[in-house]
1. Could you grab the pairs with beta carbons closer than 6 Å, sequence gap of 6+ or different chains, first residue in the stretch 288-315 and surrounded by 13 or more Cβ atoms within 10 Å (Cβ to Cβ), second one modelled with pLDDT under 95 and in a loop (DSSP other than H, G, I, E, B)?
2. Do the conditions hold for residue 75, that is, is it assigned by TED's automatic domain parsing to the domain that holds residue 42, touching a strand residue (DSSP E or B) at 6+ places or on another chain (Cβ under 9 Å), touching a residue at least 40 places away in the same chain (Cβ under 8 Å) and closer than 29 Å to residue 290 by Cβ?
3. Is it the case, given these coordinates, that residue 276 is within 18 Å of residue 372 (Cβ to Cβ), without any contact (Cβ under 8 Å) to a residue 12 or more places away in the chain and either assigned by TED's automatic domain parsing to the domain that holds residue 186 or crowded, with 20+ Cβ neighbours inside 10 Å (or both)?
4. Any chance the stretch 179-192 includes a residue that's modelled with pLDDT of 95 or more and more than 28 Å from residue 289 (Cα to Cα)?
5. Can you pull out every residue in the stretch 375-433 that is over 30 Å from residue 443 (Cα atoms), assigned to a loop (DSSP other than H, G, I, E, B) and touching a residue at least 40 places away in the same chain (Cβ under 8 Å)?
6. Could you grab me the full set of residues in the stretch 182-199 that are in contact with a helix residue (DSSP H, G or I) (Cβ under 6 Å, 6 or more places away or on another chain) and touching a residue at least 60 places away in the same chain (Cβ under 8 Å)?
7. Would you check if residue 99 is touching a helix residue (DSSP H, G or I) at 6+ places or on another chain (Cβ under 9 Å), within 17 Å of residue 111 (Cα to Cα), crowded, with 18+ Cβ neighbours inside 10 Å and at pLDDT 95 or above?
8. Which residue pairs have Cβ atoms under 7 Å apart, sit 6 or more places apart or on different chains, and have a first residue in the stretch 43-66 that is modelled with pLDDT under 95 and a second that is in a helix (DSSP H, G or I)?
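The values are calculated or read from the model by the stated rules, or taken from the named source; none is laboratory data. Small disclaimer: the values here were computed from a predicted structure and weren't measured. Please note: Cβ atoms are built from the backbone with ideal geometry, for glycine as well, and neighbour counts cover all protein chains shown.
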């Protein structure tokens, strides 16, 4: 049956419900517990015959004469339902049989018992509809086309696939663990502007928009860094922000133009402290979802329980070359080999115009990038707080921009002025949260860990 014909039949059922005085979209549910809670307390509730009121979506049904078995799912779990005509009465049973469909969200009240096949079941005494679905649930996802549809219609992906729901539950656990660790270490959570008069804090192309009220052009932030460092100038010593950034660049398995990140800054700290703190912070987040501290990603085991590797950028490239093109060479030849947790320290100065130069060699900056599973996860450095050096480096970036580098950073006079009032020595850190979640959930693509990834509009 064509989709429009199925919808027509469902609307006819909707009309019949309303004609019978039934509101197919009531505002209130009387649910007393989730399916997961009912399953967890099953033996106790079945023995006491205490009435439970559950709610969820019908995911399957099997008719047996005067009775119907059905599957009820509420996102926390699934339980079998059993409705029998001689228990609920002919009117209720007929309404359930003829007007309730797979995909409808319903409420049932009854007692818990086990069937002869030892299936945990709720025997329905009363039921009501909470939301009449007008479109059918897909039977299953398959093939490349349906993979695309999963991302376009994530609500169906979540409704049908427990493993997908678990990915986003894990995401929430990791974010909570990171936030708890930073709060424990007395960092203060802040919010900085998403709309910025001048983008900065990273090397990337921005998205541009216009504000009618002030008649000015604004940019969606590519990073919160320059605003967070202004807070260090203002006297806050430890700040962090969970932030959504926007970069007008290419898309691939580990890039999405809108992505989620965590940045923090700590006054009177440096890169050495930062590496030790990173080990503590990431280890706690990993163990929140993998108790043994071992991540299994794409067939490899990555041990976050042992000390992380530390190696210099130039040492990794000693078999190749340095200078112009070194970053591209690193990305192509070195990064995929960094499976175990690894700090790569002291990068070329020209690549990171916001980092302080190393004391022994001005060609390199006091920074690290952190890798695991072949993914770049973190950029961090001892922050540049010399306003004269910062102005010179911004000027060099503007020269690169004039020569055609669209990702070169901008001269930010307001930020340089802030540095001239004095910013304490500090360490700064930024984690690509989406990639970190990819690693911890054994996901191949960033789109798997974004609830609503950016998609090209479907050709109608």
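1. 314/322
2. Numbers: assigned by TED's automatic domain parsing to the domain that holds residue 42: yes; touching a strand residue (DSSP E or B) at 6+ places or on another chain (Cβ under 9 Å): yes; touching a residue at least 40 places away in the same chain (Cβ under 8 Å): yes; closer than 29 Å to residue 290 by Cβ: yes.
In short, yes.
3. On the way: within 18 Å of residue 372 (Cβ to Cβ): yes; without any contact (Cβ under 8 Å) to a residue 12 or more places away in the chain: yes; either assigned by TED's automatic domain parsing to the domain that holds residue 186 or crowded, with 20+ Cβ neighbours inside 10 Å (or both): yes.
Yes; evaluated as a whole, the condition is true for this residue.
4. Applying the first criterion (modelled with pLDDT of 95 or more) to the stretch 179-192 yields 179-192.
With the extra rule that they be more than 28 Å from residue 289 (Cα to Cα), the set shrinks to 192.
Checking the stretch 179-192: at least one residue is modelled with pLDDT of 95 or more and more than 28 Å from residue 289 (Cα to Cα).
5. To start, the set of residues in the stretch 375-433 that are over 30 Å from residue 443 (Cα atoms) comprises 382-406, 408-427.
Okay, now just the ones that are also assigned to a loop (DSSP other than H, G, I, E, B), so 384-386, 403-406, 408-412, 421-425.
385, 406, 408, 409, 410, 412, 421, 422, 423, 424, 425 - these are the residues of the stretch 375-433 that are over 30 Å from residue 443 (Cα atoms), assigned to a loop (DSSP other than H, G, I, E, B) and touching a residue at least 40 places away in the same chain (Cβ under 8 Å).
6. Our first condition is that a residue be in contact with a helix residue (DSSP H, G or I) (Cβ under 6 Å, 6 or more places away or on another chain); within the stretch 182-199, this holds for 192.
Those that are in contact with a helix residue (DSSP H, G or I) (Cβ under 6 Å, 6 or more places away or on another chain) and touching a residue at least 60 places away in the same chain (Cβ under 8 Å): none in the stretch 182-199.
7. On the way: touching a helix residue (DSSP H, G or I) at 6+ places or on another chain (Cβ under 9 Å): yes; within 17 Å of residue 111 (Cα to Cα): no; crowded, with 18+ Cβ neighbours inside 10 Å: yes; at pLDDT 95 or above: yes.
Against the criterion (touching a helix residue (DSSP H, G or I) at 6+ places or on another chain (Cβ under 9 Å), within 17 Å of residue 111 (Cα to Cα), crowded, with 18+ Cβ neighbours inside 10 Å and at pLDDT 95 or above), residue 99 does not qualify.
8. Pairs that qualify, where the first residue is modelled with pLDDT under 95 and the partner is in a helix (DSSP H, G or I), are 66/85; 66/86.
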